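The values are calculated or read from the model by the stated rules, or taken from the named source; none is laboratory data. These numbers come from a predicted model, not from an experiment. Don't worry about glycine lacking a Cβ; one is built from the backbone with ideal geometry, like all the others, and counts go over all protein chains shown.
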Amino acid sequence: MTLQAQGKATLEVRDIAIRRGDRLVLDGLRFSATRGELLALMGDSGTGKTSVLRAIAGLDPIAAGEIHVGGVRLVPGRIPRGACARELHRSVGIVFQFHHLFAHKTAVENVWLAPVHVLRQPRPAAERRARELLEALGVAGRSSALPHELSGGEAQRVAIARALAVEPPVLLMDEPTASLDPARRSDLAATLRRLAADGRTIVLATHDAEFVRACDCRTITLGVL
Amino acid sequence: MSRVAAFGLVAAVLFALAVDVPAQSGPELRWGGDSEGGAPFVEADPQNPAKLVGFDVEIAALLARELGRVPRFVQVSFTTLEASAARGDFDIGLSGIEDTPARRARLAVTVPYYEFREVLTVREADRGRFRSLADLRGRRVATLGATLAYDILVAAQGEHGVIPVTYEDDVHPYSDLALGRVDAVVLDEVLAARGVRRNPGLVNQDARIGVGHYVGVLAAGQEGLRDRINDILKQAMRDGRLEAIFRRWNMWNEDQPRLYARVLSGAEELVPAAGVTTPGAWEATRRYLPTLVQAAVVTLVLSCAAMALAVALGVLIASGRVYGARPLQVALTGYVEVMRGTPLLLQLLVLYFGLASVIQLPAFMAAFLGLGLNYAAYESEIYRGALEAVPQGQLDAARTLGLTDVQTLTLVRGPQAFRLALAPMTNDFVALLKDSSLVSLITVVELTRQTTIFAANIGSWLVPGTLCAALYLAMSLPLARLARRIEKGWRRA
């Protein structure tokens, strides 16, 4: 993908196609999201929800179309590298379905690692901010735990804190309710609404219709090709 | 007197095939020797490699004939001839074996059949300044381990400050002298004559350094056979058959008739084991432990340095194979396969002796490089596997957080890979500690080599072997414990 500065922090997906190996996963997908908007990509398993998020995050290439996000443009070709990648990753954060926390770091270290090493924030300030984020997400008591010592729900909230710590204007979340009980789901819905109200653009990939309603999301439904 | 031990196995197999089938039938006289010693002792006939020639071969034939037996050669490494004789692996050992009090104490030893002088060999240019051992203060003087010459050099170390350097063969002391790696060689005149013949630019000095005798060795308890052999040898001294053998090999000189006269008058048989006893366990420990500890320090320092090199190079190779461009990956894979697929012993010999005409690495440096470069190949495979074992999801997470590839390696992937690699690394370090004994072949005296020398000196492996094993364990066990503690700490953390 080649990347060009666009000057806007919103997300625009134009007629993209995504392949996985020889299989065309989706084709002609088009949507946009404005600042402060909560958007849900819905659809059955295999419809390409996760693939869309990975393409927007610059992890996998698209096969056709283009994506405008955080002032950069992604087009078919290779995944972004160098300055373009840095620009993209400052604009887009992602919370994976299986969290992918760094296994050798405690919860709080997972959260302050990128602010210290990517944003060059002083370590005490980054750690203070990390603890605030964990506090806000209700897992401050698990700051010193290693990932394998966390429950699914705790790990997910630590992963959200880690993504938010670099303050990306666009936050992508893959199946955010997969490891949550009903009470935690409504907490998360409230948190996402609050983040959106603060001006963050949030895109969810989910098939949890109830959660989507609780979040008051606009939805886009993907179908099987 | 072995040549390069690396070729020993091949030679042993060839000779075993060649000589194991006796040409005649009848009872055998199994005689042990080391065919790597070469002419004039025992060697394959250049005209017919299936046949052995040498003065020891002819003496064995003479003894067998007189005993009414068929000679059968048993290949034994020179350094283990004495132990093999004690075990009864053959009836008699004949391979330029020196007469020593320790041998007399442990084995049934024949009368001496040849007298040799220890000879100081130097480079032509040093003929004027290195006339005796006293002129070689602070200089490296080469010899074979576990010989009379070695004992002489150890004594000269205390008296004149020479630095003994031991080899496991009698070829490289002279080639290294020619190259300037050592300043002199002390060995018996038979070997010295051969060394000077093969290396133009070397000369033998006239200084009287010592005198020794070749004898045959039999297991203790074989005194009956030994006495019959003594009678045959004496008869051969009287009737000139021994003289004929030594004349054929250009070894006859004026020292031999004097020796024969002494032997025939019974004087040499009176050199007894009396007063010379193998030291007791406690005495042997007290005497040898300090030197063994010093040798263990050499082993430890060499192993630690080589492991540090192996780890550093291994990390670079593994990183190159995981992150590098295709040509780099291919080149590094080639390096790993070559280093893993060829014997470490061969690599050490090539580094030290093979490259000597291009670059003369000091022995310790060659040992350090050889072990480090070899183990780097193994370490790199451990690290590559460990790097690839870190889940891709974590690498994706690192990328989306904006970490660069280098930051991902140093902050996320590397630390986790290191934890996975720790156990196999510990394993490799212990293996390296033991493999470091191979460097004795390139003249570094480390723990195993020193143990071999002591075992040969006192004619027993029990005490030196036990001390050696204890020292290796003292080095490797704490390391294994430390690694286990670190791993436990990580699990708890």
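Being of a type in the set (D, E, K, R), in a helix (DSSP H, G or I), free of Cβ contacts under 8 Å to residues at least 12 places away in the same chain and more than 30 Å from residue B:185 (Cβ to Cβ) is the requirement here; does residue B:419 meet it? Criteria not met by residue B:419. Checked across the stretch B:381-390, the condition of being in contact (Cβ under 8 Å) with a residue 24 or more places away in the chain, among the aliphatic types (A, V, I, L, M) and facing chain A (nearest Cβ under 10 Å) holds for at least one residue. Within the stretch A:150-202, restricting attention to residues that are within 14 Å of another protein chain (Cβ to nearest Cβ) and β-branched (Val, Ile, Thr), which residue is nearest to residue A:57 (Cα to Cα)? The qualifying residue nearest to residue A:57 (Cα to Cα) is A:170. What tally of residues in the stretch A:188-225 results from selecting those that are buried (at least 16 other Cβ atoms within 10 Å of the Cβ) and over 17 Å from residue A:37 (Cβ atoms)? Of the residues in the stretch A:188-225, 4 are buried (at least 16 other Cβ atoms within 10 Å of the Cβ) and over 17 Å from residue A:37 (Cβ atoms). In the set B:411, B:403, only one residue is in a loop (DSSP other than H, G, I, E, B), within 14 Å of another protein chain (Cβ to nearest Cβ) and free of Cβ contacts under 8 Å to residues at least 60 places away in the same chain; that residue is B:403. Being part of a helix (DSSP H, G or I), within 14 Å of another protein chain (Cβ to nearest Cβ) and free of Cβ contacts under 8 Å to residues at least 12 places away in the same chain, is that true of even one residue in the stretch A:127-145? Looking through the stretch A:127-145, none of the residues is part of a helix (DSSP H, G or I), within 14 Å of another protein chain (Cβ to nearest Cβ) and free of Cβ contacts under 8 Å to residues at least 12 places away in the same chain. Taking the stretch B:89-175 as the region of interest, the strands (runs of 3 or more DSSP E) fully inside it that hold 2 or more residues being out of contact with any Gly (no Cβ under 8 Å at 6 or more places or on another chain) and within 29 Å of residue B:53 (Cβ to Cβ) are B:114-123, B:140-144. Only one of the numbered conditions (1) touching a Ser or Thr at 6+ places or on another chain (Cβ under 9 Å); (2) on the phi > 0 side of the Ramachandran plot is not met by residue A:21, and that is (1). Entry remark, the stretch B:156-181: residues being surrounded by fewer than 24 Cβ atoms within 10 Å (Cβ to Cβ) and under 17 Å from residue B:124 (Cβ atoms) number 5 in total. Do we have residue B:381 as under 19 Å from residue B:431 (Cα atoms) and acidic (Asp, Glu) here? Yes, satisfied.
Just a yes or no: is a residue in the stretch B:194-205 assigned to a helix (DSSP H, G or I), without any contact (Cβ under 8 Å) to a residue 12 or more places away in the chain and either surrounded by fewer than 17 Cβ atoms within 10 Å (Cβ to Cβ) or assigned by TED's automatic domain parsing to the domain that holds residue B:360 (or both)? It would help to see each step written out before you state the result.
Of the residues in the stretch B:194-205, the ones assigned to a helix (DSSP H, G or I) are B:194-198.
Subset that is without any contact (Cβ under 8 Å) to a residue 12 or more places away in the chain: B:197.
Next cut, either surrounded by fewer than 17 Cβ atoms within 10 Å (Cβ to Cβ) or assigned by TED's automatic domain parsing to the domain that holds residue B:360 (or both) only: B:197.
Yes - at least one qualifying residue is present in the stretch B:194-205.
Of all residues in the stretch B:234-270, count the ones that are over 12 Å from residue B:111 (Cβ atoms) and either surrounded by fewer than 14 Cβ atoms within 10 Å (Cβ to Cβ) or without any contact (Cβ under 8 Å) to a residue 12 or more places away in the chain (or both). Steps first, please.
First pass over the stretch B:234-270, keeping only residues over 12 Å from residue B:111 (Cβ atoms): B:238-241, B:243-258, B:261.
Next, only the ones that are either surrounded by fewer than 14 Cβ atoms within 10 Å (Cβ to Cβ) or without any contact (Cβ under 8 Å) to a residue 12 or more places away in the chain (or both) stay: B:238-240, B:244, B:247-248, B:250, B:252-254, B:257-258, B:261.
Of the residues in that region, 13 qualify.
In the stretch A:90-110, the condition of being touching a Gly at 6+ places or on another chain (Cβ under 9 Å), at negative phi, within 9 Å of chain B (Cβ to nearest Cβ) and assigned to a helix (DSSP H, G or I) is met by at least one residue. Could you tell me whether any residue of the stretch A:53-62 is within 29 Å of residue A:184 (Cβ to Cβ), buried (at least 19 other Cβ atoms within 10 Å of the Cβ) and of a type in the set (D, E, K, R)? Yes, that holds for at least one residue. Do we find that residue A:118 is within 24 Å of residue B:390 (Cα to Cα) and in contact with a helix residue (DSSP H, G or I) (Cβ under 7 Å, 6 or more places away or on another chain) in this structure? Criteria not met by residue A:118. Residue count for the stretch B:435-445 under the criterion of being buried (at least 22 other Cβ atoms within 10 Å of the Cβ) and either basic (Lys, Arg) or more than 17 Å from residue B:361 (Cβ to Cβ) (or both): the result is 0.
Residues in the stretch A:40-52 that are assigned to a strand (DSSP E or B) and surrounded by 22 or more Cβ atoms within 10 Å (Cβ to Cβ) were compared, and the one that is nearest to the other protein chains (Cβ to nearest Cβ) is A:41. Restricting the stretch B:391-400 to residues that are facing another protein chain (nearest Cβ under 8 Å) and in a helix (DSSP H, G or I), which is farthest from residue B:422 (Cα to Cα)? By that ranking, first place goes to B:400. The condition of being in contact (Cβ under 8 Å) with a residue 12 or more places away in the chain, aromatic (Phe, Trp, Tyr), more than 30 Å from residue B:390 (Cα to Cα) and out of contact with any Phe, Trp or Tyr (no Cβ under 7 Å at 6 or more places or on another chain) holds for only one of A:102, A:31, that being A:31.
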